[in-house]
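Okay, so here's the structure we're looking at.
The values are calculated or read from the model by the stated rules, or taken from the named source; none is laboratory data. Here the structure is a predicted model, which means the values were calculated and not measured. Cβ sites come from the backbone with ideal geometry, for glycine too, and all protein chains shown count toward neighbours. The protein model used for the area step is the full one, side chains on, heavy atoms only, and it has no ligands, DNA or RNA in it. Shrake-Rupley method; radii C 1.70, N 1.55, O 1.52, S 1.80 Å.
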Amino acid sequence: MQLTLEFGGGLELLCDSKKIHNVNVEFEQQNKEDKLTMKGLLSWVRTNLIKERPEMFMKGDTVRPGVLVLVNDCDWELSGQLSTTLEEKDVVVFISTLHGG
Amino acid sequence: MSSLASEILQELESLKSEKTKIEQKISQLESQLKDINLPKQHASSASAASSNGSSSPYPTNGLEPHMIHRYSRHLVLPSFGVQGQANLLKSSILVVGAGGLGAPALLYFAASGVGKLGIVDHDKVELSNMHRQIIHTEAYIGQPKVKSAAAACRAVNSSVEVVEHEEALRTSNALEIFSKYDIIVDATDNAPTRYLISDCCVVLGKPLVSGAAVGLEGQLTIYNHNGGPCYRCLFPTPPPRSACQSCADNGVLGVVPGIIGCLQALEAIKIAAAVGEPLSGRMLLFDALSSRIRVVKIRGRSMHCEACGDNARFNKQYFREFDYEKFTQTPLRVPPLKLNLLPSESRISSMEYKEITLNKEPHVLVDVRPAHHFKIVSLPNSLNIPFSTLESRLPEISSILKKDEEEEKGAVSESSAQLYVVCRRGNDSQRAVQYLHKMGFTSAKDIVGGLESWAQNVDPNFPTY
Ligand SMILES: [Zn+2]
């Protein structure tokens, strides 16, 4: 599945300082109708993109406190968080909240 | 250095200090003069008005003639107009933080005619602020930011009431200060203060225009407004302290907080004037490097929010007693982190290191700062091995130590070259030494307080950043 993943607010430092990743995510389907969920994507990202300090990205099976997740420019809280299902060409943004000024 | 050069330097030094004194005196006298003139001007226009029986012989919807002139470009703007300006003139806005975000916001608030403008800050103006905190001028270096910012606002628009709150924001004073304003602008620089400000706004029912900027990115939204979320709805659990970047440690391009501060001014002015669609329930993300602005939809108010939810515990009393430093594990007045990881025998002071160099004791000095920090300034003969690359470059350290040992053979046969580690402030150097000990470099020592201590205690001419 082709997805565009974006990292910001410092999270890009965890994946080679690259902000935009056009990726092809392979995932195991038990049934034909199975769709990739955010939970599945997170573990894929952790394995395939995060190069250092994974604890700066995840805590348990979700993102660490202070990280906003946006699926197609929409807070994942509105689409079901970890159970959000993804479609071909979706854009998923991970952004760490900033505190400086 | 020739004696002529040192003479010139001395004279320059004394002229500069005289110049600063004169500039301070000028600004003092100017503000004094303004205080004398202003009431008179107001008085004369007021007496003219009273003799006419109204503020103007013509119907002007409550705007005084001088206001019509000053704000004319607002007034002829169809979507803003007299009503928008009149609303703005009656409004009061509090800006917490007169730094990179607050600087442009404050100037625009003053210029656009906000009725009452409050400024909270406890810091002093520093040279390293000037590249982004454009409200301050060199003449104010060393003086309170609140004083400097207030003077600048008054210089732009003397008809605005500017209130100086020269104090750190605390749970003990926040309720009292915030209650005097309609809209709060968060232009601060740390996590605990951001929670404190948001909670206080929830308790008092005030809209909060929140901005942040680090590096080349900025973020902006309005909390606690129009059914939108509060800060805690979005971030119920504070992030780990290590995830909080600061402008001092991570750098910031001056214009980036400037842009976010301008957008904060825009959003606050829209709320105050009651025009347009506020950025509530949405968040603006700005990436300066790729010139991209993205506006995303964020969640609404959370029923389960501790601050604004249906069973929220927050009220004035609970707020006053809430420990924000404990909650976020971060002190409110961001003093730089001071780790203490090593036993004292594994540490030396910058003065002791100075002795070592004077005595030409064989040693290797490893500077573990990132390469782009090392480029700014470094100690002579230091070797840059950034902390993040230490693991892969251990062999390099071993071979250099060996080489140095061989060179010193005969002279001091028993003692081997000593390994010292330095960084900017003395935190990463401790982490590095801890790691080096683990990897068998048991005699490695760190320089307490890093290069900052060197500048403070050994050589005041060493540039700090
Ligand atoms: Zn809330």
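Quick notes
- Residue ranges of helices (runs of 4 or more DSSP H) in the stretch B:65-145 with at least 1 members open to solvent by less than 10 Å² (accessible area, probe 1.4 Å): B:81-90, B:102-112
- Residue that is farthest from B:L101 (Cα to Cα), among those in the stretch A:69-101 that are touching a Phe, Trp or Tyr at 6+ places or on another chain (Cβ under 9 Å) and at the interface with chain B (Cβ under 7 Å from one of its Cβ atoms): A:L70
- Scan of the stretch B:276-333 for residues that are of a type in the set (S, T, N, Q), away from the ligand (no atom under 16 Å from the Cβ) and more than 14 Å from every other protein chain (Cβ to nearest Cβ), ordered by number: B:Q317
- If you go through the stretch A:34-76 and keep only what is open to solvent by 40 Å² or more (accessible area, probe 1.4 Å), touching a strand residue (DSSP E or B) at 6+ places or on another chain (Cβ under 7 Å) and assigned to a loop (DSSP other than H, G, I, E, B), you end up with A:K35, A:N72, A:D73.
- Residue in the stretch B:160-179 that is assigned by TED's automatic domain parsing to the domain that holds B:V95, closer than 24 Å to B:H136 by Cα and within 16 Å of the ligand (Cβ to nearest atom) present: no
- Count of residues meeting criterion [open to solvent by 10 Å² or more (accessible area, probe 1.4 Å) and away from the ligand (no atom under 16 Å from the Cβ)] in the stretch B:215-238: 4
- Flag if B:P257 is open to solvent by less than 30 Å² (accessible area, probe 1.4 Å), in contact with a Phe, Trp or Tyr (Cβ under 8 Å, 6 or more places away or on another chain), at the interface with chain A (Cβ under 10 Å from one of its Cβ atoms) and farther than 24 Å from B:F80 by Cα: no
- The numbered conditions (1) over 17 Å from B:F235 (Cα atoms); (2) surrounded by 12 or more Cβ atoms within 10 Å (Cβ to Cβ) are all true for A:F94 except (1).
- Enumeration of residues in the stretch B:216-254 that are of a type in the set (A, V, I, L, M), touching a Lys or Arg at 6+ places or on another chain (Cβ under 9 Å) and either in a helix (DSSP H, G or I) or within 10 Å of another protein chain (Cβ to nearest Cβ) (or both): B:L234, B:A243, B:V252
- Check on B:S242, of a type in the set (G, A, S), modelled with pLDDT under 95 and within 24 Å of B:R170 (Cβ to Cβ): no
- For the stretch B:179-212, a residue qualifies if it is in contact with a strand residue (DSSP E or B) (Cβ under 6 Å, 6 or more places away or on another chain) and of a type in the set (S, T, N, Q), and the qualifying residues are B:T188, B:S198, B:S210.
- Some residue of the stretch B:196-212 being assigned to a loop (DSSP other than H, G, I, E, B), surrounded by fewer than 24 Cβ atoms within 10 Å (Cβ to Cβ), of a type in the set (K, R) and within 16 Å of the ligand (Cβ to nearest atom): yes
- Against the test of being acidic (D, E) and either open to solvent by less than 10 Å² (accessible area, probe 1.4 Å) or within 14 Å of another protein chain (Cβ to nearest Cβ) (or both), the options B:D189, B:D182 yield a single qualifying residue, B:D189.
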